[in-house]
Structure formats: structure tokens, C-alpha cells
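Engineer: Right, I'll just put the structure down here and ask away after.
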Amino acid sequence: MAEPKTKYDRQLRIWGDQGQAALEKASICLLNCGPTGSETLKNLVLGGVGSITVIDGSKVELGDLGNNFMVDESCVGQSKAKCVCAFLQELNDAVKAKFIEEYPVTLIETNPSFFSQFTLVVATQLMEDSMVKLDRICREANVILIFARSYGLTGLVRISLKEHTVVESKPDHFLDDLRLNNPWPELKSFAESIDLDAQDPVALRHTPYVVLLIKMAEQWVKSHGGSLPSTREEKKEFKELLKARMVALDGDNYKEAIEASFKVFAPRGISSDLQQILNDSCAEVDSNSSDFWVMVAALKEFISNEGGGEAPLEGSIPDMTSSTELYVNLQNIYQAKAEADFLVIEQRVRNILKKIGKDPLSISKTTIKSFCRNARKLKVCRYRSIENEINSPILPELQKYLTDEDYSSTAVGFYILLRAVDRFAANYNSFPGQFDGGMDEDISRLKTTAVGLLSDLGCNGSTLTEDLINEICRFGASELHAVSAFIGGIASQEVIKLITRQFVPMPGTFIFNGIDHKSQILSL
């Protein structure tokens, strides 16, 4: 067996040792191991989750051979859960795999406590009433739940849990934490120690742009009543002043300063998103509070006191044109400030833990340090229960999607029809178009069902296009492998985000439209 560091080398570069450790501790339960479920679990097994439990009461049929790569001809007539589990185990022998030959719907009805043993449940191809019951069970047990469903050329993925907090949100684009608009004393002294007028041209070209911008900003503030550039004209003038100081066309550091000048113009203090987290009622902590909220409480105290309105410094600087000596000195200044901020927050965390009756050392230094480094990028995700979404979706959003002439109307059309086919199946004991013959009747019945559903949701008069209704009937509740693989890929990606607590999971219901090759997240 390959060493974990070698086996998981590529993914370790994305979510690191901590993320991988979280995956290897995770226990995943899969409900229904058709192509959608099998593809989801395949990705997670390859990623190295700790254990999997496959729940399915059906037998492998000939039709399964056409859309599920986890079964073959020798499996026909055998337990689908057993066969899929065996194939998945072959992909990664480090994962503990077991199966239970039971229909998920029966398990939900008769043994709800069964699900409390898992980190996360992936429920595939469940109908609406079972989704509601399972969601209630998992929320009560604080088990993460992900629904995934593929249906012909469409599909959905929906996360459900009360609250999910993310420290390492890893946004694609985020402003470097350089504090050029609000330098602390040590950084200001470092910049002041460098006399640009006394330097020779070579040394000047190797002065970091951080120093150039701090000095220029200081000059600007002195001549503009203590204010940094704010209007478009002032920002343009600031850049022109930088250009005027360029001693040669090859002054890369000045070019970098001009390009990075927007960092000087950025408003001081914290973002509205972070302020919202600090204002959350959960930031008023007690003995039941999670580690995340304890650290948020400490962060709130820090920002109001030692931070002077700023979050703790991250402590890293980007690459830039500079002499080695100046760059290393600058790096040390940033790292020293970050360490000092961390020590203050660590002490505040210990004090809060003691105050609420918890072990002051229960949160590790590593955890607090990571929190400080990512304090500006914290995220809190909360999800409505499936029952609330089904019975009382956010009506203005639903109506907006329905009337949108762009793609939204198609996405919400699929969403409504995926719910309508479950009502159809409950009334007629089969899905529309599932059996040969009677297609016209099924189309008419599905249309009536969809109109009734829209009316129940408060969207009287709203209709769905005939083409969309016809397509859903043409799908005949089939699971196409290509669509299942795509939906399974999305679902497993969200599982990894949730377990590693890295990156931000999807906030709503993901709808895939395989006809137009588009997708959308609906917030209902």
C-alpha cells in the first residue's frame, strides 16, 4: 500500500494535512447506490475518507449494467449494495467499507437513530416525503446531510444542516493584508528609515513597493488634511505622483507600486461580512458554544481593543521587486506583528474558555493561529430545513426565478418539476413516462400536478413551458450515467468542503440543466 503522503500528494496541496486528517476520520453513509450514489462515493473513496456504509435493498438488474460502472454481469441478481461496496473497496484498500441490504426508506421509518453514528449522509434518489423525514433526523443528531438526484438530463444537489462555519474559506481573489492604508508603528518606522532621495539609482530600484506606497501615502495625508485619496481624480493624481518619481523606465518596483496603489485606497477596518459575523447572537458565548464562536468572541474583543478596529494581521507578504535584505526585513516585521496579534487573541481565547467553564487549553495553538491568519475570510453558512423550503419557499425569490426570461426560469422549472414528479408518483404509483404507452396522458397529468404545486406555493397563474414538461416525461425517471457522474462529482466536492471545513459550500439548491449545459443555485 502506498504511503498516504505519496498516495494523496495532489490533494494534500489543496487542503493540507489537516484537511486530509479530517477526511480520514470521516464516516460516510450512502443511501441508494445507483449511478448517482456510486459516482459520489467513488470520488470520496479515492479521496481517502475513513469509512463508508452503503445502504440499498435492491438487486442488480440488467438495466444497471448500462449506467453503473460499479456492477458487472456477474452481479446480476445479487445485492446491489454488496456488489457496489466490493468494487469501491478495490479502489482504495485504506477505506473501511461495509454494506447493509436494506431499503433506505424503510431504515428512515423504522430506525432513525441509525444515522447518528455518521459524520455525513449522502442521500440519493429519495422522494420528497423521505427527504423531509431524513432531514429532520439528521438535524436533530447534528449529522451533515447532502441530497443528490439525477433525473434524465437534469439533477440537483442540496446541502442541509443547521450551521456550518468555515475558517479556511480560501477565496479566489482577496486583498493582501499589507495595511498600507493604516501602517502600525514598526512598519512606519521601517519605511521612514529609508531615504529615497539619498539612495543611488540601483538601490532605489530595489526598494519594495510597500515602502514606496507608505511614504507616498504619508506625504499625501500631510498635504490633504489627513485624508487618503478617495475620489477618482485623487486616485489618478496619486498614481501620477508615483509615475513622476520613476527614475527610469525599468523601475519595476514603481510599476508594482502604481499597480498596487488601490491597496492604499481600500477602506480601513473590517469588511461588512466579518462585522455581520461579529454581530451574530452566537458571538455571545456560553458553555455550549463551539470553538469557532469562542474564537469569534475573542476576535471581537481584539478588534475593539488592541486591534484598533482591524483584524489580526495575516503576516505574509507577496513577492515583489526588492533587495534580499529589505525583503527579509519587511517579512520579519509582518511576521512579528502577526505573532504579536496571535498571542493577544490566544490569551483572550483562554480567558473566555475559563469564564464559560471550559478547559482553557481545549483549543490548540495551531487552531487559534489558523483562525487568526484567516480572520478576515471567515464564513458562516446556515441552511433552511427541507421541510421549510418545501412548504414555504422564499416567495419573492421563487417568483423572480419564474419570471426571469434568462436561464433562471428553466432552472426553477426543473426544480418545480422534480418536485411535481414525486407528487405524480405518489398519486399514480409510477413516474411520468416511466412505462411505454400513455405518454400524452402522463404529460397532461404532470402539467396539472405542476400547476397545482405552483398554486400551493403561492404562485397562482404561473406556468411552466410545454417543452420542459414534455422533456421531463421523456426522461422517464432514468438515471443517465453522464448526468449521474456530473451530479456525483458536484455532491462529492461539497462533501469534501464540509468535512475539511475548507472552501465555502453551496448556499442553496444546485440545479443542473443537461439540455443547455448550464447550472444555477436557487436560494429558496
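Engineer: Considering only DSSP beta bridges whose two residues both sit in the chain, what percent are antiparallel, to the nearest 5? Don't skip to the answer; put the middle values down first.
Structural biologist: Numbers: 22 of 43 bridges.
For the chain, the DSSP antiparallel bridge percentage is about 50.
Engineer: Here's a follow-up. With no solvent and one point per C-alpha, what does the Debye sum give as log10 I(q)/I(0) for segment 136-185 at q = 0.13 Å⁻¹?
Structural biologist: For segment 136-185 at q = 0.13 Å⁻¹, log10 I(q)/I(0) is -0.62.
Engineer: Let me ask something else. How large is the convex hull of the C-alpha atoms of segment 331-479 per residue, in Å³? Could you put the intermediate results ahead of the total?
Structural biologist: On the way: hull volume 33.9 nm³, N = 149.
Once divided by residue count, the hull of segment 331-479 is 228 Å³.
Engineer: Please compute, over every Cα-Cα pair in segment 83-164, the percentage with a separation greater than 23 angstrom.
Structural biologist: Numbers: 979 of 3321 pairs.
Here the long-distance tail beyond 23 Å is 29 percent of all Cα pairs in segment 83-164.
Engineer: Sticking with this one: Which of the lysines could a cross-linker span from Lys239 if the Cα-Cα distance has to be under 23 Å and same-chain partners fewer than 8 positions apart are dropped?
Structural biologist: The reachable lysines, counting only those whose Cα sits under 23 Å from Lys239, are Lys188, Lys215, Lys222, Lys255, Lys263.
Engineer: Hey, another quick one. Using all Cα-Cα distances in the chain, what percent lands in each 20 angstrom bin from 0 up to the longest?
Structural biologist: 19, 41, 30, 10, 0
Engineer: What ratio of Cα Rg to 2.2 N^0.38 Å holds for segment 1-56?
Structural biologist: Working: Rg = 12.2 Å, N = 56, 2.2 N^0.38 = 10.2 Å.
Here the Cα radius of gyration is 1.20 times the empirical estimate.
Engineer: Mind checking which of Leu213, Leu457, Ile356 is farthest towards the positive end of the chain's charge dipole, using Cβ charges of +1 (Lys, Arg) and -1 (Asp, Glu) about the Cα centre?
Structural biologist: Of the listed residues, the answer is Ile356.
Engineer: When the Karplus curve 6.51 cos²θ - 1.76 cosθ + 1.60 is applied with θ = phi - 60°, which whole-Hz ³J(HN,Hα) does each residue of segment 33-50 get, with x for Gly and Pro?
Structural biologist: Along segment 33-50, the couplings run 10, x, x, 5, x, 5, 5, 4, 5, 4, 5, 6, 5, 5, x, x, 5, x Hz.
Engineer: Also: Using only the alpha-carbon atoms, how far is helix 324-355 inclined from the longest principal axis of the chain? Give it as 0 to 90 degrees, nearest 10.
Structural biologist: For helix 324-355, the angle is close to 60 degrees.
Engineer: If I measure Cβ to Cβ between cysteines in the chain, which ones have no partner under 4.7 Å?
Structural biologist: Unpaired cysteines in the chain: Cys29, Cys33, Cys85, Cys138, Cys282, Cys372, Cys381, Cys459, Cys473.
Engineer: While we're looking at this one, here's another question. How high is the relative contact order of segment 272-381? Use alpha-carbon pairs under 8 Å, at least six apart in sequence, and give a whole percent.
Structural biologist: Working: 100 pairs, mean separation 35.9, N = 110.
About 33 percent, as a whole number.
Engineer: Can you list the residues, at least 5 places off or on another chain, whose amide H is less than 5 Å from the amide H of Ala97, using H built in the peptide plane?
Structural biologist: Ile52
Engineer: Taking the Cα centre of each part, how many Å lie between segment 478-524 and segment 405-444?
Structural biologist: Between the Cα centre of segment 478-524 and that of segment 405-444, the gap is 21 Å.
Engineer: Ok, one more. Mind checking the log10 I(q)/I(0) for segment 390-475 at q = 0.10, 0.24 Å⁻¹? Debye, one equal scatterer per Cα, no solvent, two decimals.
Structural biologist: -0.23, -1.19
Engineer: Compute the acute angle (0 to 90°) between the alpha-carbon long axis of helix 481-500 and the principal axis of greatest extent of the alpha-carbon atoms of the chain; round to the nearest 10°.
Structural biologist: 50
Engineer: Which whole-angstrom value gives the distance between the alpha carbon centres of segment 148-177 and segment 371-389?
Structural biologist: Between the Cα centre of segment 148-177 and that of segment 371-389, the gap is 10 Å.
Engineer: Calculate for the chain the 222 nm mean residue ellipticity that helices alone would give, adding -39,500 (n - 2.57) per DSSP H run of length 4 or more and normalising by residue count, nearest 500 deg cm²/dmol. Each step should come with its number before you reach the end.
Structural biologist: Values: 22 runs with 266 residues, N = 524.
Mean residue ellipticity at 222 nm (helix-derived): -16000 deg cm²/dmol.
Engineer: Report, as a whole number in µm² per second, the diffusion coefficient that Stokes-Einstein gives for segment 272-381 at 25 °C and 0.890 mPa s using the Kirkwood radius over alpha carbon pairs. Intermediate results must be reported in sequence, preceding the final value.
Structural biologist: On the way: Rh = 14.8 Å.
For the chosen part, D equals 166 µm²/s.
Engineer: At q = 0.19, 0.21, 0.26 Å⁻¹, what base-10 log of I(q)/I(0) does the Debye formula yield for segment 185-265 when every alpha carbon is treated as an equal point scatterer in vacuo?
Structural biologist: -0.82, -0.99, -1.40
Engineer: Count the net charge of all other residues whose Cβ sits under 14 Å from the Cβ of Pro183, scoring Lys and Arg as +1 and Asp and Glu as -1.
Structural biologist: Values: positive: Arg179, Lys188, Lys215, Lys263, Arg268, Lys337; negative: Asp176, Asp177, Glu186, Glu192, Glu218, Glu310.
Surrounding charge for Pro183 is 0.
Engineer: I've got another one for you. With θ set to phi - 60° and the Karplus curve 6.51 cos²θ - 1.76 cosθ + 1.60, what are the ³J(HN,Hα) couplings of segment 512-524 in order, to the nearest whole Hz, using x for Gly and Pro?
Structural biologist: 9, 10, x, 6, 9, 6, 10, 8, 7, 9, 9, 9, 10
Engineer: Could you report the chain's accessible area per residue, 1.4 Å probe, as an integer in Å²? The partial results should precede the final answer.
Structural biologist: Values: 24550 Å² over 524 residues.
Per residue, the chain has an accessible area of 47 Å².
Engineer: Taking square-rooted eigenvalues a ≥ b ≥ c of the alpha carbon gyration tensor, is segment 15-117 rounded, prolate or oblate, where a/c under 1.5 means rounded and, failing that, a/b exceeding b/c means prolate? Kindly include the intermediate steps, with their values, before the conclusion.
Structural biologist: Numbers: a/c = 2.43, a/b = 1.30, b/c = 1.87.
Oblate is the answer for segment 15-117, as a/c is 1.5 or above yet b/c matches or exceeds a/b.
Engineer: Residue by residue through segment 225-232, what is 3J(HN,Hα) from phi via Karplus (6.51 cos²θ - 1.76 cosθ + 1.60, θ = phi - 60°)? Round to whole Hz and write x for glycine and proline.
Structural biologist: Each residue of segment 225-232 in turn: x, x, 10, 7, x, 10, 7, 4 Hz.
Engineer: Using modelled backbone amide H atoms (1.01 Å from N, in-plane), which distant-in-sequence or interchain residues come within less than 5 Å of Glu102's amide H?
Structural biologist: Asp56, Gly57
Engineer: How much length is gained if the chain between Glu259 and Thr110 is pulled fully straight, taking 0.36 nm per residue apart and subtracting their Cα-Cα distance, in nm to one decimal?
Structural biologist: Working: separation 149, 0.36 × 149 = 53.64 nm, distance 6.35 nm.
Gain on stretching Glu259 to Thr110: 47.3 nm.
The values are calculated or read from the model by the stated rules, or taken from the named source; none is laboratory data. The shown structure was predicted, so the numbers you read here are calculated from the model rather than taken from an experiment. Backbone-built Cβ (ideal geometry, glycine too); neighbour counts: all protein chains shown. Just so you know, the surface numbers come from the protein's heavy atoms only, side chains and all, with ligands and any DNA or RNA stripped out. Shrake-Rupley method; radii C 1.70, N 1.55, O 1.52, S 1.80 Å.
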